[in-house]
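S.K.: Here you go, one structure.
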Amino acid sequence: MKRIYVVGIGPGDRKYLTGAAARVLEECQVIVGYTAYVDLLKADYPEKIFLTTPMKQETERCRMAFEEAAKGMETAMVCSGDSGIYGMAGLMYQIGQEYPEVDLIIVPGITAASAGAAVLGAPLMHDFAVISLSDLLTPWEKIEKRLIAAAMADFVICLYNPSSRKRADYLERACDLILQYKSSDTVCGLVRNIGRMGETYEILPLGEMRNKKVDMFTTVYIGNRETREIGGKMITPRGYRNV
């Protein structure tokens with residue numbers, strides 16, 4: 001049976017790699033992925049064949065993986081975080097229609113939302129929405145609608161890709177939209193370099209967060225009306241009324 005595993009490797013540090021993901025990487029002959037993510041694995045799997053493409057070459061990367069599998073090579077396509085949450089699983093299924101002889105197996109991983117939440121405390125204990133501010137694949141107008149809808153419903157909001165050199169003001173723009181429906185003193189959190197060297201976090205009110213300088217390696221958490229800071233951590237109660 002020819003097969004490809006689409007593997008979520010977590011936020012970076014090997015301690016976040018699941019047992020299932022580690023077993024697949026040990027058994028596979030070829031590891032394919034975005035250059036930055038593959039570089040995280042090379043030291044642990046030096047005997048593997050590594051194939052990479054840069055950002056914006058996702059389709060080419062998928063076909064590269066399928067071509068290796070079609071040759072009979074046990075192949076893993078790796079993604080940061082979870083393979084099915086802003087990962088490569090969906091595109092792999094689409095491209096996989098061209099390779100009906102190759103079986104596709106999805107291996108989940110720990111996404112930034114949950115890994116960063118553990119650093120902050122417990123901000124995602126109740127309903128929440130995850131929204132990417134990257135407009136490479138989604139028009140900004142649609143992102144705005146999602147931000148407004150999540151804020152109106154008082155979801156805890158987790159923001160991926162909050163800023164880049166070309167999108168330096170996107171977090172500020174997002175906060176201004178959310179501030180129409182959430183108080184400026186809403187408890188928020190930032191986590192940088194989740195699970196990697198230089199990991200830091202900060203808890204601050206929404207009104208201050210709009211002015212923070214962040215990057216693509218920052219995950220942003222915006223609380224709901226019940227979220228509060230307890231002992232230097234960000235906590236969203238689940239609703240245990242007797243506490």
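S.K.: In the stretch 139-169, which residue that is touching a strand residue (DSSP E or B) at 6+ places or on another chain (Cβ under 9 Å) and in a helix (DSSP H, G or I) is most open to solvent (accessible area, probe 1.4 Å)?
M.R.: Arg146
S.K.: Further question: I need the full set of residues from the stretch 205-225 which are at pLDDT below 95, out of contact with any Asp or Glu (no Cβ under 8 Å at 6 or more places or on another chain) and open to solvent by 80 Å² or more (accessible area, probe 1.4 Å), in order please.
M.R.: Result: Lys213, Phe217.
S.K.: Please enumerate the residues belonging to the stretch 16-67 that are under 17 Å from Met92 (Cα atoms) and of a type in the set (S, T, N, Q).
M.R.: Scanning the stretch 16-67 gives Thr52, Thr53, Gln57, Thr59.
S.K.: So for the stretch 155-174 (the condition being at pLDDT 95 or above and small (Gly, Ala, Ser)), does at least one residue qualify?
M.R.: yes
S.K.: Those residues that are among the basic types (Lys, Arg) and open to solvent by 60 Å² or more (accessible area, probe 1.4 Å), I need them from the stretch 43-64; list them, please. Walk me through how you get there before you give the answer.
M.R.: If we filter the stretch 43-64 for residues that are among the basic types (Lys, Arg), which is where we start, we get 48, 56, 61, 63.
Within the stretch 43-64, Lys56, Arg63 qualify.
S.K.: State which residue is nearest to Gly10 (Cα to Cα) when the search covers only the stretch 66-111 and only residues that are assigned to a loop (DSSP other than H, G, I, E, B), of a type in the set (Asp, Glu) and touching a residue at least 40 places away in the same chain (Cβ under 8 Å).
M.R.: Among them, the one singled out is Asp82.
S.K.: Checking the structure you have, find out if any residue of the stretch 182-189 is assigned to a loop (DSSP other than H, G, I, E, B), crowded, with 16+ Cβ neighbours inside 10 Å, of a type outside the set (Lys, Arg) and within 17 Å of the chain's Cα centre (by Cα).
M.R.: No, that holds for no residue.
S.K.: Restricting attention to the stretch 12-62, report how many residues are modelled with pLDDT of 90 or more, of a type in the set (Asp, Glu) and more than 18 Å from Glu74 (Cβ to Cβ).
M.R.: Qualifying residue count for the region: 3.
S.K.: Something else about it: Write out, first by first residue and then by second, each pair whose Cβ atoms fall under 6 Å of each other, whose residues are 6+ apart or on separate chains, and whose first residue, in the stretch 156-175, is more than 14 Å from Arg210 (Cα to Cα) while the second is hydroxyl-bearing (Ser, Thr, Tyr) and surrounded by fewer than 23 Cβ atoms within 10 Å (Cβ to Cβ).
M.R.: Tyr160/Ser132; Asn161/Ser132; Asn161/Ser134
S.K.: For the structure I just gave you, tell me whether Glu202 is assigned to a strand (DSSP E or B), acidic (Asp, Glu) and surrounded by fewer than 22 Cβ atoms within 10 Å (Cβ to Cβ). Spell out how you get there, then give the answer.
M.R.: Values: assigned to a strand (DSSP E or B): yes; acidic (Asp, Glu): yes; surrounded by fewer than 22 Cβ atoms within 10 Å (Cβ to Cβ): yes.
The answer is yes for Glu202.
The values are calculated or read from the model by the stated rules, or taken from the named source; none is laboratory data. Since the structure is predicted, the reported quantities are computational estimates derived from the model, not experimental observations. With ideal geometry, Cβ positions are generated from the backbone for all residues, glycine too; neighbour counts draw on all protein chains shown. Note: accessible area is taken over every heavy atom of the protein model, side chains too, but ligands, DNA and RNA are not part of it. Shrake-Rupley method; radii C 1.70, N 1.55, O 1.52, S 1.80 Å.
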